[in-house]
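The values are calculated or read from the model by the stated rules, or taken from the named source; none is laboratory data. Only a predicted model underlies this, so the values are computations on that prediction, with no experimental measurement involved. Glycine gets a Cβ as well: all are built from the backbone with ideal geometry, and neighbour counts include every protein chain shown. The protein model used for the area step is the full one, side chains on, heavy atoms only, and it has no ligands, DNA or RNA in it. Shrake-Rupley method; radii C 1.70, N 1.55, O 1.52, S 1.80 Å.
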Amino acid sequence: MASGLLLGGAVAALLTAAIPAHNPSGGFVDPPPDKIVINIATVNGSGCPAGTAAVAVSEDNTAFTVTYSDYLAQVGGNSDPTAFRKNCQLNLIVHVPSGFTYAIAEADYRGFASLQSGASAVQRASYYFQGSSQTVFKTHPFSGALNDNWQATDTTDWAQLVWAPCGVQRNFNINTEIRVNAGTSSPSKVSFMTMDSTDGDISTIYHMAWKECPGK
């Protein structure tokens with residue numbers, strides 16, 4: 001639901017330096033000076049109930065963040081049998097300055113995991129533009145015993161970047177998932193993984209690359 005996400009700039013301090021866009025002539029293109037605007041078309045999934053995710057764009061147009069407050073998967077003990085897997089799909093309308101296109105060059109995911117010995121977990125994400133057959137999948141496995149913060153980074157080589165179509169508005173879709181498997185751990189012990197934060201300090205950061213459209 002669009003009303004379940006908030007747009008703002010308070011987390012800009014978390015964002016890294018710009019990833020310049022490549023120019024076919026051999027130079028680089030800095031992020032466009034005009035402000036980009038991200039509107040939320042839809043948000044769906046068991047990992048992001050309405051009102052539990054927030055989106056913010058950096059001041060320099062190099063990145064945006066998504067912060068979750070109720071994204072937790074768990075198994076064992078008295079856990080709900082369906083709680084072993086949580087997911088979230090964000091459908092974003094990204095308004096970019098005329099003459100430019102963008103791609104997601106890197107994504108940083110963070111959270112906390114408490115996995116019993118013998119248990120395991122997976123964090124997975126995919127990215128695609130509306131109407132495009134190009135879908136990028138990235139998967140990161142974790143093994144118990146583990147009781148610590150975790151971080152995973154998806155990085156795409158320049159040649160493999162999936163660019164937004166020039167001159168056409170196409171919504172950008174991000175699908176994320178966390179899944180916990182009890183494995184050989186004791187069924188009475190709980191293992192869990194989160195991609196959230198009670199204090200709002202843990203965010204998913206998406207770093208943007210920029211390129212001039214042909215004919216600009």
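Restricting to the stretch 62-102, and then to whatever is among the hydrophobic types (A, V, I, L, M, F, W, C) and either under 15 Å from A125 (Cβ atoms) or free of Cβ contacts under 8 Å to residues at least 24 places away in the same chain (or both), can you tell me which residue is surrounded by the most Cβ atoms within 10 Å (Cβ to Cβ)?
A73
Sort out which residues of the stretch 106-134 are within 18 Å of C166 (Cα to Cα) and open to solvent by 10 Å² or more (accessible area, probe 1.4 Å), and write them in order of number.
Within the stretch 106-134, Y127, Y128, Q130, G131, S132, S133, Q134 meet the criteria.
Quick check on the stretch 109-123. Is at least one of its residues in contact (Cβ under 8 Å) with a residue 60 or more places away in the chain, within 21 Å of I40 (Cα to Cα) and out of contact with any helix residue (DSSP H, G or I) (no Cβ under 7 Å at 6 or more places or on another chain)? Let's see the steps before the verdict.
Start the filter on the stretch 109-123 by keeping residues that are in contact (Cβ under 8 Å) with a residue 60 or more places away in the chain, which leaves 109-121, 123.
Cutting the leftovers down to within 21 Å of I40 (Cα to Cα) gives us 109.
From what is left, the residues that are out of contact with any helix residue (DSSP H, G or I) (no Cβ under 7 Å at 6 or more places or on another chain) are 109.
Yes, that holds for at least one residue.
From the list Q74, Q89, exactly one residue is under 27 Å from Q160 (Cβ atoms) and at pLDDT 85 or above. Which is it?
Values: Q74 fails: under 27 Å from Q160 (Cβ atoms).
Testing whether each residue is under 27 Å from Q160 (Cβ atoms) and at pLDDT 85 or above leaves just Q89.
Let's see how each residue does on (1) open to solvent by 30 Å² or more (accessible area, probe 1.4 Å); (2) within 19 Å of G111 (Cα to Cα); (3) part of a strand (DSSP E or B):
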| residue | (1), (2), (3) |
| --- | --- |
| K138 | yes, yes, yes |
| P141 | yes, yes, yes |
| N149 | yes, yes, yes |
| A152 | no, yes, yes |
| W163 | yes, no, no |
| Q169 | yes, no, no |
| N175 | yes, yes, yes |
| T184 | yes, no, no |
| P187 | yes, no, no |
